[in-house]
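Enquirer: My questions all concern the structure below.
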Amino acid sequence: MTVYTAQVSRGEKYWLVHVPEIDRTTQARTLLEVEAMVRDLIVVMEQVEPSSIELRVRIELPDEARQHLAEADRLRGIALDAQSRAAEEYRTAALALRAAGLGLREIGAALGISHQRAHQLVTAA
């Protein structure tokens, strides 16, 4: 299987797609059409079976969009870290209540969770 790269960028009206491995360019009206257009181009130009093509599509986004996506990724990482720390605090709270002599149903009621979830929290540690 031969790997081809589709380098996609936005033109004025269409998406422009360059395939460096065959040094050819095509266009597509929408991003959803890119893969089909590139596969057709490769099949015609290289005389290969469609099943022998592995396609990697690389979309070049405008700088502003890339900056916003980078910020979204950064914030997602912060959120995942905070969620992990919050879960650990919940476990610690459940353990503290268990150490204070509360039963699982009482722990669940105190934390606003089911007694089954309370059991998971106190046994996970």
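The values are calculated or read from the model by the stated rules, or taken from the named source; none is laboratory data. Note that the structure is a prediction, hence the values are computed from the model and not measured. Neighbour counts are summed over all protein chains in view; Cβ atoms, including those assigned to glycine, are modelled from backbone coordinates with ideal geometry. Ligands, DNA and RNA are excluded from the accessible area calculation, which covers all protein heavy atoms including side chains. Shrake-Rupley method; radii C 1.70, N 1.55, O 1.52, S 1.80 Å.
Enquirer: Pull out all pairs, ordered by first then second residue, where Cβ-Cβ is under 7 Å, the residues are six or more apart or on different chains, the first lies in the range 48-61 and is over 11 Å from V34 (Cα atoms), and the second is outside any strand (DSSP E or B) and open to solvent by 70 Å² or more (accessible area, probe 1.4 Å).
Expert: Qualifying pairs under 7 Å: S52/M1; E54/M1.
Enquirer: Need the failing condition index for R56 against (1) out of contact with any helix residue (DSSP H, G or I) (no Cβ under 7 Å at 6 or more places or on another chain); (2) outside the structural domain of P20 (by the TED database); (3) modelled with pLDDT of 95 or more, just the number.
Expert: Here R56 meets the rest and fails (2).
Enquirer: Give me a count of the residues in the range 25-82 that are open to solvent by 100 Å² or more (accessible area, probe 1.4 Å) and assigned to a loop (DSSP other than H, G, I, E, B).
Expert: 4
Enquirer: Moving on to the next point. If a residue must be open to solvent by less than 50 Å² (accessible area, probe 1.4 Å) and in contact with an Asp or Glu (Cβ under 8 Å, 6 or more places away or on another chain), how many such residues does the range 4-14 contain?
Expert: First, pick out the residues of the range 4-14 that are open to solvent by less than 50 Å² (accessible area, probe 1.4 Å): 4-6, 8-9, 11.
Those left that are additionally in contact with an Asp or Glu (Cβ under 8 Å, 6 or more places away or on another chain): 4-6, 8-9.
Selection size over the range 4-14: 5.
Enquirer: Just a yes or no: is a residue in the range 108-116 open to solvent by 60 Å² or more (accessible area, probe 1.4 Å) and of a type in the set (S, T, Y)?
Expert: No: zero hits.
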